[in-house]
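To keep things clear, I will list the structure first and then write my remarks on it.
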Amino acid sequence: MKKAFKKVTAAALAAAMVVSGAPMVFAADDQPKVMLDGSYVEFEDAVPENVNGRIMVPYRAMLESLEAQVSWDQQTKQVTAVTQEETLQFTIGQPEVLITYKDGTTKTTQMDVVPYVKDGRTYVGTRFMAEALDYTVGWDAGEKTAVIVDYNKIFENFDQDFSIMNKLSVADDSIDLTRPYETQMDMNIDVTLYETLVNAILATETGKQCDLSIVGEITALSQGVNTDMVMTFQVNVEDLLNQLSEEDKAEVQQVMDVFGNVEMQIKLNGETGDLYLASDLFSALDETIEENAWLHFNLYELYESAGIDLAEIMQLSESLVAGNTSMKELLMSALEGTASAMTVNAYMEAQSAYNALKAMMGDEAFDVRTSGGTTTYTSAFSGVDIVLAALADIPQQELGMTQAEIDQMVNALKEEMVIQGSISFSERGEKIVDSHIDLTLEMEGFQLSLSGGGTNASSQLSLSMDMQDGLKLTMTFEATSSQTTKTVDVNPPAGATVIELDSIMTGTGAEEVAAAA
């Protein structure tokens, strides 16, 4: 299940990514501040200021705070900042910056605000300088503060703290994503609508609950981030229909008959984000859509409108599955991608997240046992363990809680919510031969359980959710995967009718174009 396990991890961690780099904007009469790794940067005899939506700060104080050795050439008006990883050189009054890396390679880039002198101090852009030195920069609008975080500092001991989890990244069974794979998946979804929900749906007292089901199969060809998939499924709602009057049943039956045997083709170009869908279901539900037409929209643009860089998530996921990205690089990228949502608590929150992750997946969390040449690693954790680990390194004054209040919160968590889980995988030689994950969440009126495991060739996943007075949902998936010589085609057939989804959603009519061959 290594492939599936990595993809779930990548999605869960990287799904938080947001597009960064927006200008830091604030009211002209507000005094901006700069925070580095949870502490405010002090500027003697000068203060940060706003220039066209950018925070400008005295260069020496800023660069030295970023652990750079700074020198000034009075004759050439050139500033040189040296760190262990790179050297920055720029000239006052000019936008160009020369960056020389420790391997000798160089890059010339342009600052968006040219360095200038004011009251005897030379000012440079906060974001540009910090990002050039590999820091992550965000803006807390409420606190009028530029927030700079060095995630390398938080993750500096990652390889020692997570050496067991790193085995998943370096094990000699990574997926060769340059080759096409064929996956066969069976899915079963059972839904029980409790009486309260049935009554609400039908607007009458039925005295009964209803059982619904969806059964389906998926055949998918994938290569890298490209996918060509066919999905068939049947929806059974007979139990619910039997609760209706004959008149209502006849009306709804026409719609439900469409779902009796549905086939849908899905083609995703993971490079561009273009997604194509084809199904007789579309024309049955909307008479303006002709049969055999393909609906098109750009998946990445859709997620981008919600502030999520799905293209980057897909690339990270692919790289992790292929073994080209370490777990450390994935987690750091996920955190760095949240820059646009950073607050003055960002550094403390990142430290807490790191500690919580250690409680779940760190070396100290695993029990290690070897038998017959196979080594099995198992980590069992609880919600209380995770919370205590997350709070461990936060001073009480920063947390804003006394020890008594912390104890009270933990006790309340024990009484009101149960979170338990385990992660395990087995290694023989340098190959991962099995992996498994279990998670259970229980709170008043709600239960959730997740269980999955297997190998690259065969995997299973089950999910159960029970909402009191609502519904119970149980989903199971079983998949097998193997290399194939088949070709992954991400385009509709030549000459097919393609309808832009926007034209349907906005009611402007079907915009039809011939698909490229």
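The values are calculated or read from the model by the stated rules, or taken from the named source; none is laboratory data. Worth saying up front: this structure is predicted, and the values here are computed from it rather than measured. Cβ sites come from the backbone with ideal geometry, for glycine too, and all protein chains shown count toward neighbours. Ligands, DNA and RNA are excluded from the accessible area calculation, which covers all protein heavy atoms including side chains. Shrake-Rupley method; radii C 1.70, N 1.55, O 1.52, S 1.80 Å.
For the pair Asp159 and Leu241, what calculated FRET efficiency results from E = 1/(1 + (r/R0)^6), where r is the Cβ-Cβ distance and R0 = 51 Å, to the nearest 0.05?
On the way: r = 58 Å, r/R0 = 1.14.
Here the calculated transfer efficiency is 0.30.
Could you pull out the GluC sites (Glu not before Pro) across the stretch 193-265 that fall in loop regions by DSSP (anything but H, G, I, E, B) with no more than 10 other Cβ atoms inside 10 Å? It would help to have the intermediate numbers written out before the result.
Working: sites: Glu195, Glu205, Glu217, Glu238, Glu246, Glu247, Glu251, Glu263; in loops: Glu205.
Filter output for the stretch 193-265: Glu205.
Whenever you get a sec, line up Asp248, Asp286 from highest to lowest accessible area (probe 1.4 Å, protein heavy atoms). List each step's numbers first, then the result.
Values: Asp248 75, Asp286 45 Å².
Greatest to least solvent exposure: Asp248, Asp286.
In square angstrom, what is the accessible area per residue of the chain with a 1.4 angstrom probe? Display every interim value, and only then the final one.
On the way: 26830 Å² over 517 residues.
Using a 1.4 Å probe on heavy atoms only, each residue of the chain averages 52 Å².
Can you check how the C-alpha radius of gyration of the stretch 52-111 compares to 2.2 N^0.38 Å, as a plain ratio? Numbers along the way, then the final one.
Values: Rg = 11.8 Å, N = 60, 2.2 N^0.38 = 10.4 Å.
So the Cα radius of gyration is 1.13 times the expected 2.2 N^0.38 Å.
Quick check on my link table: of Lys107/Lys153; Lys167/Lys358; Lys267/Lys486, which ones sit more than 20 Å apart, alpha carbon to alpha carbon?
On the way: Lys107/Lys153 25 Å; Lys167/Lys358 15 Å; Lys267/Lys486 15 Å.
Listed pairs above 20 Å: Lys107/Lys153.
At what distance in angstrom do the alpha carbon centres of the stretch 58-88 and the stretch 336-375 lie from each other?
34 Å
In whole angstrom, note down how far apart the Cα centers of the stretch 215-292 and the stretch 108-187 are.
40 Å
For Lys77, which aspartates and glutamates qualify as cross-link partners when the Cα separation must be under 14 Å and same-chain residues fewer than eight apart are set aside?
Cα-Cα hits under 14 Å: Glu96.
Rank these by accessible area, largest first, 1.4 Å probe: His436, His296. Working shown, then result.
Values: His436 65, His296 25 Å².
My answer, sorted largest first, is His436, His296.
Leaving out ligands, DNA and RNA, what percent of the accessible area of the chain is carbon and sulfur, probe 1.4 Å? Please report the intermediate quantities before stating the final value.
Values: 13230 of 26830 Å².
Taking all protein chains in place, the chain shows 49 percent carbon and sulfur surface.
Enter the accessible area of Tyr151 (Å², nearest 10), with the probe set to 1.4 Å and all protein chains included.
Its heavy atoms expose roughly 10 Å² to the probe.
How large is ³J(HN,Hα), in whole Hz, for each residue of the stretch 144-152 in order, when computed from phi with the Karplus curve 6.51 cos²θ - 1.76 cosθ + 1.60 and θ = phi - 60°, using x for Gly and Pro?
6, 10, 6, 9, 10, 10, 9, 5, 4
Equivalent ellipsoid semi-axes for the stretch 215-346, as square roots of 5 times the alpha carbon gyration tensor eigenvalues: give them largest first, rounded to whole Å. Mind showing how you got there, number by number?
Values: eigenvalues 305, 75, 48 Å².
Over the Cα atoms of the stretch 215-346, the semi-axes work out to 39, 19, 16 Å.
Of the GluC sites (Glu not before Pro) in the stretch 417-511, which ones lie in a loop per DSSP and count no more than 14 other C-beta atoms within 10 Å? It would help to have the intermediate numbers written out before the result.
Values: sites: Glu427, Glu430, Glu442, Glu444, Glu478, Glu500, Glu511; in loops: Glu430, Glu444, Glu511.
Sparse-neighbourhood loop GluC sites (Glu not before Pro): Glu430, Glu444, Glu511.
Working out 0.36 nm times the residue gap between Thr219 and Ser464, then minus their Cα-Cα distance, what length gain in nm do you get to one decimal? Kindly include the intermediate steps, with their values, before the conclusion.
Numbers: separation 245, 0.36 × 245 = 88.20 nm, distance 2.39 nm.
So the chain would gain 85.8 nm between Thr219 and Ser464.
Ser503 to Gln483: FRET efficiency via 1/(1 + (r/R0)^6), r the Cβ-Cβ distance, R0 41 Å, to the nearest 0.05? Working shown, then result.
Details: r = 39 Å, r/R0 = 0.96.
That pair, Ser503 with Gln483, gives E of 0.55.
How large is the accessible surface of Lys144 in square angstrom, using a 1.4 angstrom probe and rounding to the nearest 10?
Solvent-accessible area, nearest 10 Å²: 50 Å².
Calculate, in nm to one decimal, what Leu302 and Ala380 gain on full extension: separation in residues at 0.36 nm each, minus their alpha carbon distance.
Values: separation 78, 0.36 × 78 = 28.08 nm, distance 3.76 nm.
Between Leu302 and Ala380, full extension yields an extra 24.3 nm.
Straight-line reach from Lys414: which aspartates and glutamates fall under 17 Å, measuring Cα to Cα and dropping same-chain residues less than 8 apart?
In chain and number order, the partners are Asp385, Glu405, Glu442, Glu444.
How much accessible area does Ser464 have with a 1.4 Å probe, in Å² rounded to the nearest 10?
Per-residue accessible area (Ser464): approximately 30 Å².
Keeping every protein chain in place, order Leu448, Leu310 by accessible area at 1.4 Å, biggest value first, i.e. largest first. Intermediate results must be reported in sequence, preceding the final value.
Working: Leu448 50, Leu310 25 Å².
The most accessible residue leads, giving Leu448, Leu310.
Could you work out the relative contact order of the chain, using alpha carbon pairs under 8 angstrom and six or more residues apart, expressed as a whole percent? Present the calculation step by step, with values, prior to reporting the outcome.
Numbers: 1072 pairs, mean separation 91.4, N = 517.
Normalised by residue count, the contact order of the chain is 18 percent.
Based on the alpha-carbon gyration tensor of the stretch 59-150 and its eigenvalue square roots a ≥ b ≥ c, which shape applies: rounded if a/c is under 1.5, prolate if not and a/b is larger than b/c, or oblate? Intermediate values should be presented prior to the final figure.
Values: a/c = 1.72, a/b = 1.18, b/c = 1.46.
Because a/c hits 1.5 or more and a/b fails to exceed b/c, the stretch 59-150 counts as oblate.
Name the shape class, rounded, prolate or oblate, that the alpha-carbon gyration tensor gives for the stretch 419-513, where a ≥ b ≥ c are the square roots of its eigenvalues, rounded holds for a/c under 1.5, and otherwise prolate holds if a/b is larger than b/c and oblate otherwise. Let's see the in-between values first.
Values: a/c = 4.04, a/b = 1.36, b/c = 2.97.
Oblate is the answer for the stretch 419-513, as a/c is 1.5 or above yet b/c matches or exceeds a/b.
Which whole-Hz couplings ³J(HN,Hα) result when phi for each residue of the stretch 222-239 is put into the Karplus expression 6.51 cos²θ - 1.76 cosθ + 1.60, θ = phi - 60°, listed in order with x for Gly and Pro?
Ordered by residue, 3J(HN,Hα) equals 9, 8, x, 9, 9, 9, 10, 10, 10, 10, 10, 7, 10, 10, 10, 10, 4, 4 Hz.
Fully extended, how many nm does the chain gain between Gln403 and Glu64 (0.36 nm per residue separation, minus their Cα-Cα distance)?
Details: separation 339, 0.36 × 339 = 122.04 nm, distance 3.66 nm.
Full-extension gain reported as 118.4 nm.
How are the Cα pair distances of the chain distributed, in percent, across 20 Å bins from 0?
17, 43, 34, 6, 0
Under a plain spin-label model, where a point goes 7 Å from the Cα along Cα-to-Cβ, how far apart in nm are Phe446 and Thr196?
1.4 nm
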